[in-house]
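A short worksheet on the structure shown next.
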Amino acid sequence: MDLKNNIRIIDNFPKEGISFKDVTTLLQDKDALKFTVDKMVEYLKDKDIDVVVGPEARGFLFGAPVAYALGAGFVPVRKKGKLPYDTISISYDLEYGSDILEIHKDAIKPGQRVAIVDDLLATGGTIATVAKLVEQVGGEVVSIDFVIELTDLYGKDKLTNYDVMSLVTYDI
């Protein structure tokens with residue numbers, strides 16, 4: 001299945017010059033969603049994953065079903081102030097400003113094998129921060145997996161110490 005046929009492209013969103021890759025059309029197609037989850041699970045099935053981490057918010061949409069299919073736990077990484085228990089946080093730079101991501105301190109046990117699953121790899125800053133959070137709570141990042149990768153933004157350059165897999169690539 002060519003997943004690009006199930007990803008809607010919206011030009012000039014959220015601002016002029018951006019070509020937004022909309023996964024809601026992939027999510028609403030039962031065959032495309034099943035194919036996507038199955039492909040990620042196939043890639044991860046022999047990696048002994050204990051926990052799948054999904055960053056807010058679209059990482060939840062793909063990470064949770066992947067975790068379920070692997071028989072692994074699921075851990076959300078959220079923006080500051082969204083998790084109700086004791087957290088650790090990291091501030092990271094965005095194109096215009098900064099943001100803070102958090103994980104529960106007890107979400108991952110030391111030595112657990114972790115796959116990070118998200119919808120899109122662009123510049124790599126957010127997902128590199130997620131990987132640091134996982135490592136700070138004692139997890140071992142075994143794989144970082146995306147539905148989409150925007151290759152011209154060179155996000156993989158920030159993830160050279162990790163196994164990175166993408167199902168679909170775009171040159172922007």
In the range 53-77, the residues that are over 20 Å from residue 100 (Cα atoms) and among the hydrophobic types (A, V, I, L, M, F, W, C): 61, 62, 64, 66, 67, 69, 70, 72, 74
Looking only at the range 89-123, and only at residues there that are surrounded by fewer than 20 Cβ atoms within 10 Å (Cβ to Cβ) and of a type in the set (Gly, Ala, Ser), the one that is farthest from residue 153 (Cα to Cα): 111
Does the range 151-168 hold any residues that are more than 19 Å from residue 63 (Cα to Cα) and polar (S, T, N, Q), and which are they? 151, 160, 161
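Table: residues versus (1) over 25 Å from residue 129 (Cβ atoms); (2) of a type in the set (D, E, K, R).
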site	(1), (2)
12	yes, no
27	no, no
31	yes, yes
34	yes, yes
37	no, no
44	no, no
48	no, yes
69	yes, no
72	no, no
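Quick grid of which residues meet (1) under 25 Å from residue 49 (Cβ atoms); (2) out of contact with any Gly (no Cβ under 8 Å at 6 or more places or on another chain); (3) not aromatic (Phe, Trp, Tyr):
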| residue | (1), (2), (3) |
| --- | --- |
| 78 | yes, yes, yes |
| 84 | no, yes, yes |
| 87 | yes, yes, yes |
| 90 | yes, yes, yes |
| 97 | no, yes, yes |
| 106 | yes, yes, yes |
| 111 | yes, no, yes |
Please determine, by comparing only the residues of the range 9-46 that are loosely packed, with under 12 Cβ neighbours inside 10 Å and among the charged types (D, E, K, R), which one is farthest from residue 57 (Cα to Cα). 46
Contact list please: Cβ distance under 7 Å, first residue in the range 1-22 and closer than 18 Å to residue 153 by Cα and touching a residue at least 60 places away in the same chain (Cβ under 8 Å), second residue part of a loop (DSSP other than H, G, I, E, B) and among the β-branched types (Val, Ile, Thr), pairs at least six apart or on different chains. 19/172; 21/7
Cβ-Cβ under 7 Å pairs, at least 6 apart or on other chains, the range 82-106 side under 21 Å from residue 138 (Cβ atoms), far side loosely packed, with under 14 Cβ neighbours inside 10 Å and of a type in the set (Gly, Ala, Ser): 91/98; 92/98; 100/91
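Each value in this text was obtained by applying a stated rule to the coordinates, not by laboratory testing. Not measured: the values here are computed from a predicted model. In this analysis, Cβ positions are derived from the backbone assuming ideal geometry, glycine residues included, and neighbour counts consider all displayed protein chains.
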